[in-house]
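Notes follow once the structure below has been shown.
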Amino acid sequence: MPRISLCVIVRDEEANLPSCLAAAADLVEEMIVVDTGSTDRSREVAASWGARVVDFPWSDSFAAARNEGLRHAAGDWIFWLDADDRIDETNRAKLRRLFPHLSSEVLAYGMICQSPPDSLLGWTRNVLQFRLFRRHPRLRWRYRIHEQLTIHELIDEGLGRIQDTDIVIQHVGYLDPDRLRGKQQRNRRLLELDFAENPEDPHVLLQVGWSLVDDGRPADALPLLQRALARAHPQDTAIIKLYNLVVLAYTRLGRCAEALEVAQRGLQRFPDETELLYQQALLRMGLGDAAGAEACFRRLLTRPEPPYVTMGVDPALRGWLARYNLGVLYRDQGRHAEAGEQWRAVVREKPDYASAWLGLAEVCLTLGRWPELEEVARQLEQLPGQELAAECFRARGAMARREYALARQRLEAAIARWPAALEPRILYSHALLQEGRDWQAAERALRDILALDPTNRQAQHNWAVLRELLAQQRPPSGVASDPGSASLG
């Protein structure tokens with residue numbers, strides 16, 4: 001039975017440590033907790049779980065702290081976790097099956113670190129990490145932040161290989177927005193130190209370029225990312241992320257043809273790579289290549305996921321996000337029934353995705369599916385901030401059926417409930433104009449719109465036409481109102 005040491009570095013993690021250590025305590029030979037300056041009870045909590053606590057002064061380097069754990073570990077293999085990592089029972093069972101059968105030919109086993117959606121990023125991230133590796137005198141951590149193992153050097157010398165697993169470790173450290181902001185500020189400072197010390201290192205160039213893209217500085221990021229792509233180790237899966245970031249930088253600079261060219265180059269090297277395929281689909285949509293975009297989205301939805309995991313990729317790109325955008329593509333082509341099918345699939349997978357419900361409501365209006373429209377409206381009003389939209393869709397349905405009294409009743413109630421909202425007032429003016437029975441009420445409705453939004457051109461036009469025709473004492477014609485649209489334009 002291989003001896004396995006768990007290594008964890010902490011600072012002020014007394015709340016997180018019990019869940020972290022409980023998941024691994026019965027799977028490993030020993031637990032080493034490196035404390036980098038806690039002011040809470042982290043040391044006592046770690047010791048209560050049987051861990052050996054090592055004090056290590058923080059030196060602005062995660063690699064240094066992790067290497068201190070390696071220095072004290074006695075196991076044949078190192079398994080590492082962060083305090084805010086969690087392992088569920090399914091993946092604990094997978095670890096229990098893996099640990100007794102570790103191969104002498106393997107240097108490290110890859111596992112997926114999954115961060116759940118959070119309030120700032122809004123999406124799930126999967127990152128392939130070498131969470132279990134052989135204790136070797138030359139296998140060490142490097143870089144102050146986004147630290148990496150020196151594994152490719154050993155592979156190049158024929159000292160072993162890497163092997164991926166389907167084990168998933170949940171990382172919950174991004175759930176608290178305030179804590180996330182603090183981590184981001186710390187990470188940027190450490191990254192600047194790494195960049196000053198290693199300005200041509202491909203990993204550092206990747207991380208700096210990535211942060212510049214996130215900061216809205218794609219022009220500054222692009223040359224760094226291109227240098228990183230030219231210098232990266234050919235077996236480093238970070239190359240995939242580099243291709244994606246270069247594509248994103250070109251896209252944000254409006255250089256979409258160049259972005260598409262890079263995406264195609266990346267896909268030649270990494271066929272069916274998730275993020276590259278998704279970005280190519282969006283680029284083709286933007287460039288007017290509907291057939292090419294549809295082919296990309298369908299590949300995402302029908303092809304198996306490739307055997308490599310991109311850093312920071314959202315699994316929804318092969319699920320509801322691809323389906324939603326495919327629905328948008330169909331809608332723009334007038335293929336409303338097919339758009340509705342895709343959006344129905346989206347809400348089955350992600351019931352709280354308001355954009356798909358809104359799209360479904362538009363399909364129901366277009367195709368005259370009135371019972372289904374009411375069903376969609378009921379679903380919409382259950383979502384935060386969508387009650388007004390649900391009422392407006394009901395009113396638009398009544399207008400399309402020429403049930404003007406019902407439409408006015410619903411819209412009057414909506415205006416009373418949301419007096420500052422423009423949409424129900426705009427629809428109310430449309431209902432009055434279409435019904436053609438109360439021109440003074442229509443004029444008042446248009447004036448109310450302009451009181452809230454003096455620049456509303458549609459209301460300005462309709463009011464001017466209506467006033468002129470009323471002055472001439474004849475029924476108005478030529479006023480613009482669209483029963484199938486909630487907007488003026």
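Every number in this text was worked out from the coordinates using simple rules, so none of it is lab data. For clarity, every value in this text was computed on a predicted model and none was experimentally measured. Using ideal geometry, Cβ is built from the backbone for each residue, glycine included, and neighbour counts are taken over all protein chains shown.
Around ILE32, under 10 Å between beta carbons, what's the net of Lys plus Arg minus Asp minus Glu among the other residues?
Summing Lys/Arg as +1 and Asp/Glu as -1 gives 0.
Counting only helical runs of four or more DSSP H residues, what would the 222 nm mean residue ellipticity of the chain come to if each run contributes -39,500 (n - 2.57) and the total is spread over all its residues?
After summing the helix terms and dividing by the residues of the chain, the value is -17000 deg cm²/dmol.
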Discussion item. Nearest 10 degrees is fine. How inclined is helix 274-286 to the longest principal axis of the chain, computing both from alpha carbons?
Written reply: 30
Fill in: Order of TYR404, TYR243 - criterion: other Cβ atoms within 10 Å of each residue's Cβ, fewest first
TYR404, TYR243
Item to complete: Please figure out what share of the DSSP beta bridges in the stretch 4-176 is antiparallel and state it in percent, rounded to the nearest 5.
Response: 40
Worksheet item: Tilt of helix 370-380 relative to the longest C-alpha principal axis of the chain, in degrees (0 to 90, nearest 10)?
Response: 50
Practice prompt. May I ask you to order 275-284, 320-329 by the average number of other C-beta atoms within 10 Å around their residues, highest value first?
Written response: 275-284, 320-329
Practice prompt. Any chance you could get the radius of gyration and Dmax over the Cα atoms of the stretch 198-318, in Å?
Written response: 13.9, 44
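For the chain, divide the Cα radius of gyration by the Kirkwood radius and give the resulting Rg/Rh value with two decimals.
Dividing the radius of gyration by the Kirkwood radius yields 1.09.
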Worksheet, complete the sentence: Among ALA356, THR90, VAL465, the residue whose Cα sits farthest towards the positive end of the charge dipole of the chain (+1 at Cβ of Lys and Arg, -1 at Cβ of Asp and Glu, taken about the Cα centre) is VAL465
Worksheet item: If you take the square roots of the eigenvalues of the alpha-carbon gyration tensor of the stretch 4-176 and sort them as a ≥ b ≥ c, do you get rounded (a/c under 1.5), prolate (a/b over b/c) or oblate?
Response: rounded
Worksheet, complete the sentence: About its Cα centre, the stretch 4-176 carries a charge dipole, from +1 on Lys and Arg Cβ atoms and -1 on Asp and Glu Cβ atoms, whose size in debye to the nearest 20 is 440
Practice prompt. Order these peptides, 39-47, 101-109, by their mean beta-carbon neighbour count within 10 angstrom, highest first.
Written response: 39-47, 101-109
Worksheet, complete the sentence: The exposure ranking of ASP35, ASP289, ASP215, fewest beta-carbon neighbours within 10 Å first, is ASP215, ASP289, ASP35
Worksheet entry | Cα-centred dipole magnitude for the stretch 311-411, charges only on beta-carbon of K, R (+1) and D, E (-1), debye, nearest 20 | 260
Item to complete: Fewest Cβ neighbours within 10 Å first, please rank LEU470, LEU260 accordingly.
Response: LEU470, LEU260
Item to complete: Taking the Cα atoms of the stretch 302-393, report the difference between the largest and smallest coordinate on each principal axis, in whole Å and largest first.
Response: 46, 29, 17
Practice prompt. Mind pulling the angle between the C-alpha long axis of helix 404-417 and the longest principal axis of the chain? Nearest 10 degrees, somewhere in 0 to 90.
Written response: 50
Item to complete: Would you be so kind as to identify which of ALA63, LEU128, TYR324 lies farthest towards the positive end of the dipole of the chain, taking Lys and Arg as +1 and Asp and Glu as -1 on Cβ and the Cα centre as origin?
Response: TYR324
Worksheet item: Percent antiparallel among DSSP beta bridges with both residues in the chain, to the nearest 5?
Response: 45
Worksheet entry | Charge-dipole axis of the chain as Lys and Arg at +1 and Asp and Glu at -1 on Cβ define it, positive-most pick from HIS72, MET31, CYS392 | CYS392
Response to the item:
Lys and Arg at +1, Asp and Glu at -1: neighbours of LEU422 with Cβ under 11 Å from its Cβ sum to -2
Worksheet, complete the sentence: Note: HIS152 to ASP40 extended length (0.36 nm per residue) minus current alpha-carbon separation gives 36.5 nm
Worksheet item: What size of dipole, in debye to the nearest 20, comes out for the chain about its Cα centre when the only charges are +1 on Lys and Arg C-beta atoms and -1 on Asp and Glu C-beta atoms?
Response: 840
